[in-house]
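Asker: One structure, pasted below without further comment.
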Amino acid sequence: MAVDSTLLNTMRVAKETVVAIEYTLKDDQGNIIDASGDRGPMEYLHGAQNIIPGLEQGVDGLVAGDTKNVLVPPQLGYGEYSDKLLQLVPLSAFGANTPQVGMRFHAETNLGMRVLTIKKIDGEEVTLDGNHELAGKTLHFDIKVVSVRAAEPTELAHGHPHQSGGCCGGGGCGSGEASGGGCCSTEEGSEGGCCSTEEPAAQKQGGCGSGGCGCS
Ligand SMILES: [Zn+2]
């Protein structure tokens, strides 16, 4: 039986649509940094700054089924790398915890709440890096638009999509997040927070803290 093409969903990605995309993210050398892969498509509310600006611009106007290579320069991604975001703290600041290079945690800084990474440990001196791990990098996204639909009024009010598990599952914390973890799980330590390593790289940092988890 022939498919009536007029029944196909041809809604275009625009402000106030909920979009699901599959993506593979590579660096300049072609190394895969992140991919939606097993997590399934990443769903977000278009025009609500759920994802980095360069990717959002790249998806704009597409329809379900479209594929595209989107090149995102640092300034439309995670910003330029800044030495000003490096700081030294004494080992004693960690108290009973044993810091390790690569460890990440949330901390209040001059620039507000940020995710800090332990970059170096030199004797009693620990170097913390407040840059996003993808700061300064040009991002190469291979994307495929899986679906586009009109956002519900509550989604517009909350600024994130609601699906598959309500606010948390489909919300600011990333619908693509592994189902076992999730930002609202109690198993996560207070230091970990929702912006753990599970966070999809395409998602804007801080999306978790902006009320995504608080609503029901
Ligand atoms: Zn919500």
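The values are calculated or read from the model by the stated rules, or taken from the named source; none is laboratory data. What you see is a predicted model, and the numbers here were worked out from it, not measured in a lab. Reconstructed Cβ throughout: ideal geometry from the backbone, glycine too, with neighbour counts over all protein chains shown. Please note that ligands, DNA and RNA were not included when accessible areas were found on the heavy atoms of the full protein model with its side chains. Shrake-Rupley method; radii C 1.70, N 1.55, O 1.52, S 1.80 Å.
Asker: When region 27-62 is examined, which residues are found to be exposed (fewer than 14 other Cβ atoms within 10 Å of the Cβ) and in contact with a Ser or Thr (Cβ under 9 Å, 6 or more places away or on another chain)?
Answerer: If the condition is that a residue be exposed (fewer than 14 other Cβ atoms within 10 Å of the Cβ) and in contact with a Ser or Thr (Cβ under 9 Å, 6 or more places away or on another chain), then Asp27, Asp28, Ile32, Gly37 are the ones that fit.
Asker: Checking Gln49 against (1) in a helix (DSSP H, G or I); (2) within 26 Å of Glu155 (Cα to Cα), which test does it fail?
Answerer: (1)
Asker: Next question. Taking region 114-164 on its own, how many of its residues are within 16 Å of the ligand (Cβ to nearest atom), crowded, with 16+ Cβ neighbours inside 10 Å and of a type in the set (S, T, N, Q)?
Answerer: So the answer is 1.
Asker: Let me ask something else. Check off (1) near the ligand (Cβ under 10 Å from one of its atoms); (2) at pLDDT 95 or above for Gly170 and give me the number that stays unchecked.
Answerer: Only one criterion in (1) near the ligand (Cβ under 10 Å from one of its atoms); (2) at pLDDT 95 or above is unmet by Gly170, namely (2).
Asker: The conditions are (1) open to solvent by less than 20 Å² (accessible area, probe 1.4 Å); (2) closer than 26 Å to Gly30 by Cβ; (3) not acidic (Asp, Glu), and Pro73 fails exactly one of them. Which is it?
Answerer: (1)
Asker: Could you figure out which of (1) free of Cβ contacts under 8 Å to residues at least 24 places away in the same chain; (2) over 25 Å from His162 (Cβ atoms) isn't true of Leu71?
Answerer: Going through (1) free of Cβ contacts under 8 Å to residues at least 24 places away in the same chain; (2) over 25 Å from His162 (Cβ atoms) one by one, Leu71 breaks only (1).
Asker: If you take just the strands (runs of 3 or more DSSP E) that sit entirely in region 104-152, which of them hold at least 2 residues that are touching a residue at least 24 places away in the same chain (Cβ under 8 Å), in contact with a helix residue (DSSP H, G or I) (Cβ under 8 Å, 6 or more places away or on another chain) and of a type in the set (Asp, Glu)?
Answerer: 125-129
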